[in-house]
Amino acid sequence: MGGNYMGNHVFRPLFIFIGIVLLLLVVRHFYVPRDFGIHERGYMYGWYREGNIEDWKKVQVKYQGRDYCKDCHSDKFASIMQSPHAIIQCENCHGPAMDHPANPPKLTIDRSRALCLRCHYPLPYPTSGRAKIKGIDPDTHNRNFQCSTCHNPHKPNLSIR
Amino acid sequence: MITRRDLLKYAIKGAAGLALPLAAIEIMNPKKLLADISGPGKVRWGFVVDTYKCVGCGLCVKACKIENEIPYDANVTRTWVERYVLTKDGKLSADSPKGARDGFETKKIDLGLGNFKDIKNEDINKAFFIPKLCNQCDNPPCVQVCPVGATYQTPDGVVLVDRTWCIGCGYCIMACPYGVRFFHPKYHTAEKCNFCYHRITKGLKTACVQACPFGARMIGNIKDPDDPVAKIITTERVAVLKSEYGTKPQVYYMGLDEEVR
């Protein structure tokens, strides 16, 4: 009954076990980013890598809004602002400006009938704003023509032309 | 002299001790916990949807998909618009083809699998559109279930997903009672509406709010009493979706109907 008899078969696996735990702790130390941990909202909702917030802020803004357009395209801007279409953002038809005029140098205008029908396909739904918008039946109303052939989107009412 | 029994005992205790995270020893102060919930920050983003104004044009969905780089033709979207039609026979018909990316350009209700239901105008009792997006819950169940800390709530109340940290297990997609989460077709990580975090933190409105011609969507700081969104929530009749889940959603609806789930 000596230490040697007890030692080897117990201590050896124990040291291996401790070694594995230490190795895992070392790997974890280098693998997990410094800013990963428990933040403002506590462990349940606030356990994360803080740098990710900045990552999300770096996403490129594509839709710039009409104020971005109005200085260079003041004539177009003025014309639509006097029509019922003044509520529609330029980019809803002209596409996202992104870094225009640098990139893209030219925007692609959506002139499809489908774009107009988003609002002007008649759906007389009570308690929805849709019921108040004038609509056309696309199957009978000048099929195969773009709406802009007759209606100027910036000045859509034919009777006040 | 150490006996075999003692040594095994020490070894088990030692291993258990090594496995114990330090966080487990921390004693929570109830006051600190309360402060954690209300939050010390000056900003808490909130959203208002006025369903009376929505016409179902889907321009919000189109703008969201482009702004947030969600593959346009994949049938996934961060925000969508649902159509509800209640007929005189007491039946409810609802659809949201392609999430209303292209709006609603037919009276026929899309039942899926190529089946459509035609409803006559005179049979309609009430019909309306309901835009949906992430509720940025105060108690987000999607965050609770994440095993790796890849999804979390920012101090200003927005739930984000860390694409570099997400392992794609999909627990959060199952946990969200509102079904707003999905896998991003390109990154294969959990994806969701984040109130256009890159825009709101620059002082811009979200892409969907800006694209809506009718003012049906509004975003604001609900901790600022002068903010238009805060004013609506505090002074007008608003409701949230599935309040019975205790998730404390922060997207408030005007003109919500019981049929909306």
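The values are calculated or read from the model by the stated rules, or taken from the named source; none is laboratory data. It should be emphasised that the depicted structure is a prediction, and the values quoted were computed from it without experimental measurement. A quick note on method: Cβ atoms are made from the backbone with ideal geometry, for glycine too, and the neighbour counts reach across all protein chains shown.
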Subset of region B:122-150 [in contact (Cβ under 8 Å) with a residue 40 or more places away in the chain and either charged (D, E, K, R) or within 15 Å of B:K192 (Cβ to Cβ) (or both)]
B:K126, B:K132, B:L133, B:C134, B:N135, B:Q136, B:C137, B:D138, B:P140, B:P141, B:C142, B:A150
Residues that are buried (at least 22 other Cβ atoms within 10 Å of the Cβ) and either under 14 Å from the mean Cα position of the chain (by Cα) or within 14 Å of another protein chain (Cβ to nearest Cβ) (or both), at least 3 per element: which helices (runs of 4 or more DSSP H) completely within region B:157-261 meet that?
B:207-211
Can you tell me which of (1) surrounded by fewer than 23 Cβ atoms within 10 Å (Cβ to Cβ); (2) out of contact with any Cys (no Cβ under 8 Å at 6 or more places or on another chain); (3) within 18 Å of B:T247 (Cβ to Cβ) is the one B:V145 doesn't meet?
(2)
Kindly indicate the residue of region A:93-113 that is in a helix (DSSP H, G or I) and either more than 10 Å from chain B (Cβ to nearest Cβ) or touching a Phe, Trp or Tyr at 6+ places or on another chain (Cβ under 9 Å) (or both) and also surrounded by the fewest Cβ atoms within 10 Å (Cβ to Cβ) among those meeting that condition.
A:H94
Near pairs, Cβ below 9 angstrom, 6+ apart or cross-chain, from region B:7-22 (within 13 Å of A:F11 (Cα to Cα)) to any residue that is modelled with pLDDT under 90 and loosely packed, with under 10 Cβ neighbours inside 10 Å
none
So B:N121 fits all but one of (1) at pLDDT below 95; (2) more than 8 Å from chain A (Cβ to nearest Cβ); what number is the exception?
(2)
Test B:K202 against the stated conditions and say whether it is of a type in the set (K, R), over 22 Å from B:K65 (Cβ atoms) and out of contact with any Pro (no Cβ under 7 Å at 6 or more places or on another chain).
no
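Please go through region B:206-225 and pick out each residue that is of a type in the set (D, E, K, R) and within 21 Å of B:Q153 (Cβ to Cβ).
At the first step, the residues of region B:206-225 found to be of a type in the set (D, E, K, R) are B:217, B:223-224.
Residues satisfying the conditions are B:K223, B:D224.
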Go through (1) surrounded by 15 or more Cβ atoms within 10 Å (Cβ to Cβ); (2) within 10 Å of another protein chain (Cβ to nearest Cβ) and name the single condition A:G7 misses.
(1)
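Please specify each residue of region A:116-161 satisfying the condition of being more than 9 Å from every other protein chain (Cβ to nearest Cβ) and in a helix (DSSP H, G or I). Lay out the reasoning, then the answer.
Going residue by residue through region A:116-161, those that are more than 9 Å from every other protein chain (Cβ to nearest Cβ) are A:116, A:120, A:134-137, A:139-161.
Residues satisfying the conditions are A:C116, A:H120, A:C147, A:S148, A:T149, A:L158, A:S159, A:I160.
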Condition first: of a type in the set (G, A, S) and more than 10 Å from chain A (Cβ to nearest Cβ). Now tell me which residues in region B:63-104 satisfy that.
B:A74, B:G90, B:S93, B:A94, B:S96, B:G99
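Can you tell me which of A:D35, A:D67 is in contact with a Lys or Arg (Cβ under 9 Å, 6 or more places away or on another chain) and more than 7 Å from chain B (Cβ to nearest Cβ)?
Working: A:D67 fails: in contact with a Lys or Arg (Cβ under 9 Å, 6 or more places away or on another chain).
Within the list A:D35, A:D67, the selection yields A:D35.
Pick out the one residue from A:R41, A:R49 that is under 29 Å from B:T206 (Cβ atoms), charged (D, E, K, R) and in contact with a helix residue (DSSP H, G or I) (Cβ under 7 Å, 6 or more places away or on another chain). Give the steps one after another, and end with the answer.
Numbers: A:R49 fails: in contact with a helix residue (DSSP H, G or I) (Cβ under 7 Å, 6 or more places away or on another chain).
Just a single option satisfies the conditions, and that option is A:R41.
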Which of the residues that make up region A:75-92 are in contact (Cβ under 8 Å) with a residue 24 or more places away in the chain and part of a helix (DSSP H, G or I)?
A:K76, A:S79, A:I80, A:P84, A:H85, A:C90, A:E91
From the list A:R34, A:R66, exactly one residue is among the basic types (K, R) and over 20 Å from the mean Cα position of the chain (by Cα). Which is it?
A:R34
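Of the residues A:I16, A:I53, which is more than 9 Å from chain B (Cβ to nearest Cβ), among the hydrophobic types (A, V, I, L, M, F, W, C) and part of a helix (DSSP H, G or I)?
Sole residue among the options that is more than 9 Å from chain B (Cβ to nearest Cβ), among the hydrophobic types (A, V, I, L, M, F, W, C) and part of a helix (DSSP H, G or I): A:I16.
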